[in-house]
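In what follows, a structure is listed as structure tokens, so that the remarks can point back to it.
Nothing in this text is a laboratory measurement; each read-out follows from the coordinates by a stated rule. Nothing here was measured: the structure is a model prediction, and the numbers come from that model. Ideal geometry is used to build each Cβ from the backbone, glycine not excepted, and the neighbour counts take in all protein chains shown.
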Amino acid sequence: MIRVFQTIHKYTPHIPLFERKYDVTDDMDFETLRRLVVNDGYASTYVLLPALEHKADEVFYTLWDYERLQQCWAREHGLITRDLSEIKLAQIEEYKPDIFYNMSAFCDGEFIKRLGKSRVRKDIYWNGIIEPEPRTFYEYDGQLSLHRPYIDYWKRRGLAACELQPSIPSGWHQRIHANKSIDVLFYGQYFKGMFDNRNAIIDDLLKYKQASRRDIRCHLTYTETRHQQTIFRIPGLPWTHIRRPVISFPSRNVREQSLPPLYGDTLYGSIAQAKIVVNAYTDDNRDFKSNMRLYEGIGLGAFLISEEGNYPDGFEPEVDFYTYRNSAELIHQIERVLADWPAHAEVAQRTQRKISALYSKERQWNDFQGFVSSL
């Protein structure tokens, strides 16, 4: 049996919502708080099976930069430091894993250099940040990603790499609602730059929401951009200028028509209530398409409408789900599904069974073990 130390970073907006939901307090112990994190479902499509089953003797799982969680561990182990990298280092030294599995290599301050190499431990990282070329961290023994072009890129350069897709927890089918109350659901980030094409799709989806009066819910994470606007001045007298802050991004329509972001168990509950989940990607995904939403939407029983492109093995566009190339096609596909929902509900059920079997947690764990054993 191999021992794996799996670590991932927090998503900052999620933590206050999570802590309010569960009345998290400073007197909670590490294991209680970690179980809450795991059971609430944060990033569960990426969490290895033994961690979901709380088998810490096989996989020690933690959010390395969730301060309250990590400081619980430090306090229980007599550490006085509040340095999160030092705490993570101490956890690894105590656990003595065979595999250090880092899902935060791009945002942990090059922790691998601080950790150093080991004769008995293999270090691997996951990279799903889609860019024209993958950020490569040569200090590691292996690379993992859901993005197939990254795997091809690394292998062409002689690096050990493995395609590891997200996977669907076995209990998700029990959450699916037969009588769904949400017509269309989208959730995710709305930021300038890497999501410009997706932002335009969301803009049009929100306009369609207003025109159709369907129950369309877009739960968005965004950061407002503000600038100073002059509202009064006397020409030639600069000290008479009166300015006020104005929000320039996102648009007023997005702010008024979108809903706050959802995470973990709350998000999964909404997906299970949705007839349709709309999926969209970054501007850099190009032809290959895979993300968490692909597995979450299908795994929780929604009918998926996603961008046209090449998908992971087993996903059949226009059979398991519908695709679109632009906003007009997306809206056409939405109307197509809702016009005959009973037939499409059957497709969604069939697809859920198919993809859940193909991309089970057991398969993900077996694929992971197969890769690390080859290093």
Apply the Karplus parameterisation 6.51 cos²θ - 1.76 cosθ + 1.60, with θ equal to phi minus 60°, to every residue of region 76-81 and state each ³J(HN,Hα) to the nearest whole Hz, in sequence, with x for glycine and proline. 5, 10, x, 8, 9, 6
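When you count, for each residue, the other Cβ atoms within 10 Å and take the mean per peptide, how do 296-303, 161-168, 211-218, 364-371 rank with the highest first?
Order by mean packing, descending: 296-303, 161-168, 364-371, 211-218.
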Counting DSSP beta bridges in the chain, what percent are antiparallel, to the nearest 5? 15
Apply the Karplus curve 6.51 cos²θ - 1.76 cosθ + 1.60, θ = phi - 60°, to the phi angles in region 134-139 and return the couplings in whole Hz, x for Gly and Pro. x, 5, 10, 10, 6, 6
Using per-residue counts of other Cβ atoms within 10 Å, averaged over each peptide, order 50-62, 73-85, 173-185 from highest down. 50-62, 173-185, 73-85
Scan around ALA161 for amide H atoms under 5 Å from its own, H built in the peptide plane at 1.01 Å from N, and keep only partners 5 or more places away or cross-chain. GLN143
How would you order 130-139, 327-336 from highest to lowest mean count of nearby Cβ atoms within 10 Å? 327-336, 130-139
Let's test the formula: R0 of 51 Å, r as the Cβ-Cβ distance of THR225 and ARG119. What FRET efficiency results, to the nearest 0.05? 0.55
Going from the fewest other Cβ atoms within 10 Å to the most, one would list LYS88, LYS192 as LYS192, LYS88
How large are Rg and Dmax for region 170-358 when only the alpha carbon atoms are used, in Å? 19.7, 73
What are the aspartates and glutamates whose alpha-carbon lies under 16 Å from the alpha-carbon of LYS55, with same-chain residues fewer than 8 places away excluded? GLU31, ASP98, GLU362
If each part is reduced to its alpha-carbon centroid, region 35-60 and region 244-300 end up apart, in Å, by 24
What is the sum of charges around TYR153, taking Lys and Arg as +1, Asp and Glu as -1, for the other residues whose C-beta is under 15 Å from the C-beta of TYR153? 0
Whole-angstrom Cα spans of region 147-221 along principal axes, big to small: 54, 37, 17
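Translational diffusion coefficient of the chain at 25 °C, 0.890 mPa s, Stokes-Einstein with Kirkwood Rh over Cα pairs, in µm²/s as a whole number.
Estimated diffusion coefficient is 109 µm²/s.
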